[in-house]
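Below is one structure, written out as structure tokens, with a few remarks after it.
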Amino acid sequence: MKAVIQCGGMGTRLRPFTSVLPKPLMPIGARPVLEMLLKWLRRNGIQEVYITTGYLGHLIRTVCGDGSQWNLKIRYTQEMEPLGTIGPLSLIRDELNEPFIVLNGDVLTDLSISRFVAAHRKHNDPVTIATASRLHKMDFGVIDEVDNTVQVFREKPTLSHLVSMGIYCMNPDVMQFIPSGIPFGFDDLMLQMMQNGTPVHVYKHDGLWLDIGRVDDFQSAQAISWEDQSASIEVTATAA
């Protein structure tokens, strides 16, 4: 199975650090996020990777090369103008002729790709989204009303939401919804598919997931012993 890592963004949430480094090369300990992501893919059996680049893409190419140091085959695309979070797939549409993984270049997780893909293969629809539950502490009193009358008042509640992890399993037929040459986000893709009546499925992951583009998650990642984490993941994968 092929994986596509989206690395074209400018990493605005981590400025000023991303003024000199693309977000996927931000260090977690002594290693860039992208290296850890590539090793996770390799542990999960992925050998062929496309990296979509734009902003500071030459630095990503310099660090990762052809991927042979991780027993991977890496190929690159270069956006002349930003194409959004899913538009870069249009640059390699002819290469994506079987189910494939798409993921953001700033995620760290212990998701089992084999289980994720198995869940995706249970249906014939184009997209399955890996999801996680996130708690969000509201800074305001939340009001439920009917006809301008308060029915429920909750003072600064903590709400739970099912959120996208930025990891997707897709079939080649998803490409019919993705235009070429214009910016196109994952939100645009979801809107197009839902308007078309095409189902989109979710896979609920209850393990580790960090979005390194968020400052809090970036800081949390620094406190994890990733060598121990990798060993644990490998043991779990072997047992499965």
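Rounded to two decimals, what is the ratio between the C-alpha radius of gyration of the stretch 17-74 and 2.2 N^0.38 Å?
Against the empirical 2.2 N^0.38 Å value, I get 1.09 for the stretch 17-74.
Ordering W209, W40 by accessible area with a probe of 1.4 Å, largest first, what comes out? Please report the intermediate quantities before stating the final value.
Numbers: W209 30, W40 5 Å².
From most exposed to least exposed: W209, W40.
Accessible area of I182, 1.4 Å probe, to the nearest 10 Å²?
Estimated to the nearest 10 Å², I182 gives 80 Å².
Using protein chains only and a probe of 1.4 angstrom, how many square angstrom of S68 are accessible, to the nearest 10?
Its heavy atoms expose roughly 80 Å² to the probe.
Could you give the dipole magnitude of the chain about its Cα centre, charging the beta-carbon of Lys and Arg +1 and that of Asp and Glu -1, in debye to the nearest 20?
Details: 21 positive and 26 negative charges, 109 e Å.
Here the chain has a charge dipole of around 520 debye.
Where both residues lie in the chain, what percent of DSSP beta bridges are antiparallel, nearest 5?
Details: 25 of 47 bridges.
Of all bridge pairs located within the chain, approximately 55 percent are antiparallel.
Under 8 Å for C-alpha pairs, at least 6 residues apart: give me the relative contact order for the stretch 84-192, rounded to a whole percent.
43 percent
On each of the three principal axes of the Cα atoms of the stretch 88-212, give max minus min coordinate, whole Å, ordered largest first.
Principal-axis extents of the Cα atoms in the stretch 88-212, largest first: 55, 34, 28 Å.
Could you work out the relative contact order of the chain, using alpha carbon pairs under 8 angstrom and six or more residues apart, expressed as a whole percent?
Answer for the chain is 24 percent.
Using a Gaussian network model on the chain with a 10 Å cutoff between Cα atoms, which of L135, L111, L59 fluctuates the most?
Maximum among the listed residues: L135.
Which of the aspartates and glutamates could be linked to K204 by a straight reach, that is with a Cα gap under 15 Å, when you skip same-chain ones fewer than 8 residues away?
Cross-link targets: D110.
For the chain, state the semi-axes of the equivalent ellipsoid (square roots of 5 times the eigenvalues of the alpha-carbon gyration tensor), sorted largest first and rounded to whole angstrom.
Taking √(5λ) for each eigenvalue gives 30, 23, 20 Å, largest first.
Defining a contact as two alpha carbons under 8 Å apart and six or more residues distant in sequence, what relative contact order in percent does the stretch 32-152 show?
On the way: 78 pairs, mean separation 28.0, N = 121.
Averaging sequence separation for qualifying contacts and normalising by length gives 23 percent for the stretch 32-152.
Quick one: what Rg and Dmax do you get for the stretch 115-174 from the alpha carbons, in Å?
18.3, 50
Say we join alpha carbon atoms closer than 10 Å with springs in a Gaussian network model of the chain; which of L208, L83, L38 then has the biggest fluctuation?
Per the Cα network of the chain with a 10 Å cutoff, L208 tops the list.
Of the listed pairs K122/K156; K2/K23; K39/K156; K2/K137, which have alpha-carbon separations greater than 30 Å here?
Going by Cα-Cα distance, K122/K156; K39/K156; K2/K137 fall outside the 30 Å limit.
Helix-derived [θ] at 222 nm for the chain: sum -39500 (n - 2.57) over DSSP H runs of at least 4, divide by residue count, nearest 500?
Result for the chain, helices only: -7000 deg cm²/dmol.
For the stretch 40-140, how big is the tail of P(r) above 20 Å, as a whole percent of Cα pairs?
50 percent
The values are calculated or read from the model by the stated rules, or taken from the named source; none is laboratory data. Not measured: the values here are computed from a predicted model. Cβ coordinates were reconstructed from backbone atoms using ideal geometry, including for glycine residues, and neighbour counts include every protein chain displayed. We work out accessible area using only protein heavy atoms, side chains counted, and drop any ligands, DNA or RNA first. Shrake-Rupley method; radii C 1.70, N 1.55, O 1.52, S 1.80 Å.
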